[in-house]
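The values are calculated or read from the model by the stated rules, or taken from the named source; none is laboratory data. Owing to the predicted nature of the structure, the values given are computational and were not obtained by experimental measurement. Quick reminder, even Gly has a Cβ in these numbers, built from the backbone with ideal geometry, and neighbours come from all protein chains shown. The accessibility values were calculated without ligands, DNA or RNA, using every heavy atom of the protein model including side chains. Shrake-Rupley method; radii C 1.70, N 1.55, O 1.52, S 1.80 Å.
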Amino acid sequence: MTTPKMNIHDPNRAEAHGNPVTILSEEECWELAEQTNFARLGTFLDGEIYITPINIITDSGKIYFRTASGSKLTRLMIEEKVTVEFDRVEGGGAYSVNIHGVARLLTDSEEIAHAHSLNLEPWLHTEKIEFVEIIPTSSSGRRFRLGS
């Protein structure tokens, strides 16, 4: 017997229980991640938190993004624990999701070829030749019924 998928896009789902906030399951968080192409990357270095916009793609339970050499990549090489945060406001509802994970720069030619095959293109025509893979370790998310 298969369990029917919940409609994770329904802002009224919480309303059925009289609560304007619904906690999303890890499965629901990942379903939303699979539909997301823009997120924010949270990194940590020397006691400071850095939030950077990135475009992402998911594949086989992992998150990928491209980057250029620079401070973001340096922070990832020093501290591999990251979070990817994305949200959306639509109609009478909104959601916010955080996926925590471990990031690593892809260096193996087969892994790079696979990441390249995902057609992850930068929004700006800048050279971003490095591919980073994030392996999720946990997630959390909330759905909100707005105006409550």
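Can you list residues whose amide H is under 5 Å from LEU120's amide H, if they're 5+ apart or on another chain and H is modeled 1.01 Å from N?
Residues meeting the amide H criterion: none.
Please turn the phi angles of region 95-109 into ³J(HN,Hα) values with the Karplus equation 6.51 cos²θ - 1.76 cosθ + 1.60 (θ = phi - 60°), one per residue in order, whole Hz, x for glycine and proline.
9, 9, 10, 10, 10, 8, x, 10, 9, 8, 6, 7, 10, 6, 4
When the Karplus curve 6.51 cos²θ - 1.76 cosθ + 1.60 is applied with θ = phi - 60°, which whole-Hz ³J(HN,Hα) does each residue of region 39-52 get, with x for Gly and Pro?
Working through the residues one at a time gives 8, 10, 9, x, 10, 9, 7, 6, x, 10, 9, 10, 10, 10 Hz.
With every protein chain in place, what's the accessible area of GLU110 (1.4 Å probe, Å², nearest 10)?
Taking all protein chains as shown, GLU110 has close to 140 Å².
Below 8 Å between Cα atoms, with a sequence gap of 6+, how large is the relative contact order for the chain in percent?
Values: 270 pairs, mean separation 46.9, N = 148.
RCO, the chain: 32 percent.
I want the local charge near ASP59. Using Cβ-Cβ distances under 12 Å, sum +1 for each Lys or Arg and -1 for each Asp or Glu among the other residues. Don't skip to the answer; put the middle values down first.
Working: positive: LYS62; negative: GLU34, GLU111, GLU133.
Its environment carries a net charge of -2.
With charges set only on the Cβ (+1 for Lys and Arg, -1 for Asp and Glu), what does the dipole of the chain come to about its Cα centre, in debye to the nearest 20?
On the way: 14 positive and 22 negative charges, 86 e Å.
Dipole of the chain, to the nearest 20 debye: 420 debye.
Starting from 0.36 nm per residue, how many nanometres of slack lie between VAL21 and SER71 once their C-alpha separation is accounted for?
Result: 14.4 nm gained on full extension.
Through the Karplus equation 6.51 cos²θ - 1.76 cosθ + 1.60, θ set to phi - 60°, convert the phi angles of region 83-91 into ³J(HN,Hα) values in whole Hz; use x for Gly and Pro.
Each residue of region 83-91 in turn: 9, 10, 10, 8, 8, 7, 10, 8, x Hz.
Go through region 105-148 and name the chymotrypsin sites (Phe, Trp or Tyr not before Pro) that are in a DSSP coil and have 14 or fewer other Cβ atoms within 10 Å of their Cβ. If you can, show how the numbers build up before the last one.
Details: sites: TRP123, PHE131, PHE144; in loops: TRP123.
Listed in order of number, the matching sites are TRP123.
Relative to the present Cα-Cα distance, how much length would full extension add between SER117 and GLU79 at 0.36 nm per residue of separation?
On the way: separation 38, 0.36 × 38 = 13.68 nm, distance 2.70 nm.
Stretched out fully, the SER117 to GLU79 stretch lengthens by 11.0 nm.
Per the helix-only calculation at 222 nm, which mean residue ellipticity applies to the chain, given -39500 (n - 2.57) for every DSSP H run of n ≥ 4 and division by its residues, nearest 500 deg cm²/dmol? Walk me through the numbers before you get to the answer.
Values: 3 runs with 26 residues, N = 148.
-5000 deg cm²/dmol, from helical runs alone.
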